[in-house]
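In what follows, a single structure is set out as structure tokens and then discussed.
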Amino acid sequence: MLISQDTMVSSSWFLSIVAIFASIPSIQSQNYRTFLDKHIVEDNAKINCNMTIKDRNLNRDSCRIRNTFIHDSNAKKILDVCAPYESSTIVPSGRLLTLTDCKLLRSPSATTCSYSQTGVKGVVYVTCEKQRPVHFVKFEKGTEPDPEPTPKPGFAAQCAPCIWTLSLLVFLRELLQSISLFNM
């Protein structure tokens, strides 16, 4: 029983596609450490957007258009929000949090970005994965949240069923093609 070169090529193509699809959630996702660095400052910190963004090296290749810092020592409040969620889910904070919102004013280069800043109270929406915040989605200024918020699946959770279905269909097609080649 010999396997043709066409079958080997299509099998390697199939494996490449599966590997790409399998990596999509990890490409989309940040990790917890990155989230902390980008968005968490101490509860009572008096921050300066220009200095904090520069000190944390958040503008590597270009200026960030906007960044919001959550005043939450040790990320305790946000960790409490994410505690029930294992899979990728967008969750509101459930209460008003103190925030510093930084908006880009001008950007001659990534090393000299200039920001305006506003202190606000707002409900924060984050993507939680494995009981940890991994992505800042948005905030809603000064509104009390719904007492029983309905979490929404995050990107990875929304795409996973589609990816697996597509992968299964491609696999079945390849399998049927290889069976028909063997029967010839």
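The values are calculated or read from the model by the stated rules, or taken from the named source; none is laboratory data. These numbers come from a predicted model, not from an experiment. A quick note on method: Cβ atoms are made from the backbone with ideal geometry, for glycine too, and the neighbour counts reach across all protein chains shown.
Checking I40, I78, I90 one by one, the residue that is free of Cβ contacts under 8 Å to residues at least 40 places away in the same chain and crowded, with 19+ Cβ neighbours inside 10 Å is I40 and no other. Residue-level analysis places C102 outside the set of residues that are in contact (Cβ under 8 Å) with a residue 24 or more places away in the chain, crowded, with 18+ Cβ neighbours inside 10 Å, in the same structural domain as K46 (by TED's automatic domain parsing) and farther than 18 Å from L36 by Cα.
G154 falls short on exactly one of the conditions (1) surrounded by fewer than 17 Cβ atoms within 10 Å (Cβ to Cβ); (2) modelled with pLDDT under 70, and that condition is (1).
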